[in-house]
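Have a look at this one before I ask anything.
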Amino acid sequence: MLLITIVVIAFYAQVVNRLKVIGGDHLPEEGGVLLAANHISGYDTVFLPTAVFFQHPFQMVWAPAKEELFEHWLLGAFYRSLGAFPVKRGRDVRAGKHLGQLLQTEKVMLFPEGTRNKDGNLGKGNRGVGKLIYDHRPVVIPTALTGINRWRFPGFGQRGTINFGAPLDF
């Protein structure tokens with residue numbers, strides 16, 4: 001199911017529309033990697049794993065997602081197929097421990113702002129992300145998404161960019 005999902009998302013993003021991925025070569029092949037991205041659209045959560053998949057086929061990108069997204073069984077299955085797992089709003093200790101374990105060997109996508117900023121401006125970061133970086137020392141890939149916040153579904157020819165920056169090693 002993952003492969004079909006990725007192909008459909010990539011076709012919509014890059015063929016029907018014009019999503020450009022820059023800096024994919026900055027993504028390490030292995031080890032604990034944190035993709036620290038701004039969050040401007042609901043598309044972010046499916047476009048980032050798709051972009052990573054084409055750089056490193058069949059590597060999962062894990063991501064915490066608000067538990068409300070998993071209430072419908074079909075949507076829950078869809079998000080899980082992309083590596084998402086449910087977390088409670090606020091402080092979820094269990095999710096923090098799970099993220100720490102994943103950051104030892106896996107790729108994890110986090111939005112340090114903790115919520116979407118649809119205007120495209122960068123919001124205030126969440127302290128918990130800094131603690132995860134300090135405690136687990138993953139390679140951090142700063143990731144910028146632009147233009148996607150103006151996309152409408154269905155759309156055609158819409159432009160957007162995912163830019164993976166050079167790795168930061170704390």
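The values are calculated or read from the model by the stated rules, or taken from the named source; none is laboratory data. This is a predicted model, so every value here is computed, not measured. Virtual Cβ from ideal backbone geometry, glycine too; neighbours counted across all protein chains shown. We work out accessible area using only protein heavy atoms, side chains counted, and drop any ligands, DNA or RNA first. Shrake-Rupley method; radii C 1.70, N 1.55, O 1.52, S 1.80 Å.
When you scan segment 41-58, do you find a residue that is more than 19 Å from L145 (Cβ to Cβ), in contact with a strand residue (DSSP E or B) (Cβ under 7 Å, 6 or more places away or on another chain) and assigned to a helix (DSSP H, G or I), even just one?
no
Given the conditions (1) modelled with pLDDT under 90; (2) on the phi < 0 side of the Ramachandran plot; (3) open to solvent by 30 Å² or more (accessible area, probe 1.4 Å); (4) out of contact with any Lys or Arg (no Cβ under 8 Å at 6 or more places or on another chain), which single one is not true for D135?
Evaluating D135 over (1) modelled with pLDDT under 90; (2) on the phi < 0 side of the Ramachandran plot; (3) open to solvent by 30 Å² or more (accessible area, probe 1.4 Å); (4) out of contact with any Lys or Arg (no Cβ under 8 Å at 6 or more places or on another chain) leaves (1) as the failure.
If you don't mind, another one. So for segment 139-160 (the condition being over 18 Å from I40 (Cβ atoms), touching a helix residue (DSSP H, G or I) at 6+ places or on another chain (Cβ under 9 Å) and of a type in the set (F, W, Y)), does at least one residue qualify?
yes
Would you check which residues across segment 128-151 are touching a strand residue (DSSP E or B) at 6+ places or on another chain (Cβ under 8 Å) and of a type in the set (F, W, Y) and list them?
Matches in segment 128-151: W151 only.
Let me ask something else. Of all residues being surrounded by 16 or more Cβ atoms within 10 Å (Cβ to Cβ) and among the hydrophobic types (A, V, I, L, M, F, W, C) in segment 145-170, which is nearest to T105 (Cα to Cα)? Just the residue, please.
So, considering only residues that are surrounded by 16 or more Cβ atoms within 10 Å (Cβ to Cβ) and among the hydrophobic types (A, V, I, L, M, F, W, C), the one nearest to T105 (Cα to Cα) is F164.
Restricting to segment 109-129, what's the tally of residues that are open to solvent by less than 40 Å² (accessible area, probe 1.4 Å) and more than 21 Å from N163 (Cβ to Cβ)?
1
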